[in-house]
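Let me begin by presenting the structure, written as structure tokens, before commenting on it.
The values are calculated or read from the model by the stated rules, or taken from the named source; none is laboratory data. All figures in this text were calculated on a predicted structure; none of them were measured in a lab. Cβ placement follows ideal geometry from the backbone for every residue including glycine, while neighbour counts extend to all protein chains displayed.
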Amino acid sequence: MGLKVELKPGERIILGESVVTNGDQRTRLVIEGEAPILREKDIMTPETADTPCKRVYLIVQLMYLSRDPSQHHDTYFRLVKEIIAAAPSTSGYFDRINNQILTGNNYKALKEAQSLIEYEKDLLANA
């Protein structure tokens, strides 16, 4: 059985390397196969990646959607090094993200990166 996705009117998803935009009615899709899928609410754009941890999320997203995730590794690990140098308390988050990336679970790495963004919000609020 495939993945069931319900889309609101006008909602978009990324399916593989394509953007699918729903029409003017609620729609239910059943997707079978191995293509990466991201709902609109989980999509980060370069314009909205306005903090270091959001940029990490964007790079992990690119890894998840890419046919060759390794092409983003250098950028990712450079940014991780910079963030940990500035905020050592983020290292546990990066341990979890790195573990998912190294085991090929880029979707789970993306979810871990969402937790990192929440932590960053707390850090910035208390700075």
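Since Tyr107 meets every condition but one in (1) without any contact (Cβ under 8 Å) to a residue 12 or more places away in the chain; (2) among the hydroxyl-bearing types (Ser, Thr, Tyr); (3) surrounded by 14 or more Cβ atoms within 10 Å (Cβ to Cβ), which condition does it not meet? Every listed condition holds for Tyr107 apart from (1).
Rundown of residues vs (1) exposed (fewer than 12 other Cβ atoms within 10 Å of the Cβ); (2) within 29 Å of Lys8 (Cβ to Cβ), yes/no style:
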| site | (1), (2) |
| --- | --- |
| Met44 | no, yes |
| Arg55 | no, yes |
| Leu62 | no, yes |
| Ser70 | yes, no |
| Arg78 | yes, no |
| Ile83 | no, no |
| Ala87 | no, no |
| Ile97 | no, no |
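Please verify whether Gly104 is more than 13 Å from the chain's Cα centre (by Cα), at pLDDT below 95 and either assigned to a helix (DSSP H, G or I) or closer than 26 Å to Leu15 by Cβ (or both), treating the condition exactly as stated. Walk me through how you get there before you give the answer.
Numbers: more than 13 Å from the chain's Cα centre (by Cα): yes; at pLDDT below 95: yes; either assigned to a helix (DSSP H, G or I) or closer than 26 Å to Leu15 by Cβ (or both): yes.
Yes, satisfied.
When Leu62, Leu79, Leu29, Leu110 are screened for being of a type in the set (A, V, I, L, M), at negative phi and not in a helix (DSSP H, G or I), only Leu29 passes.
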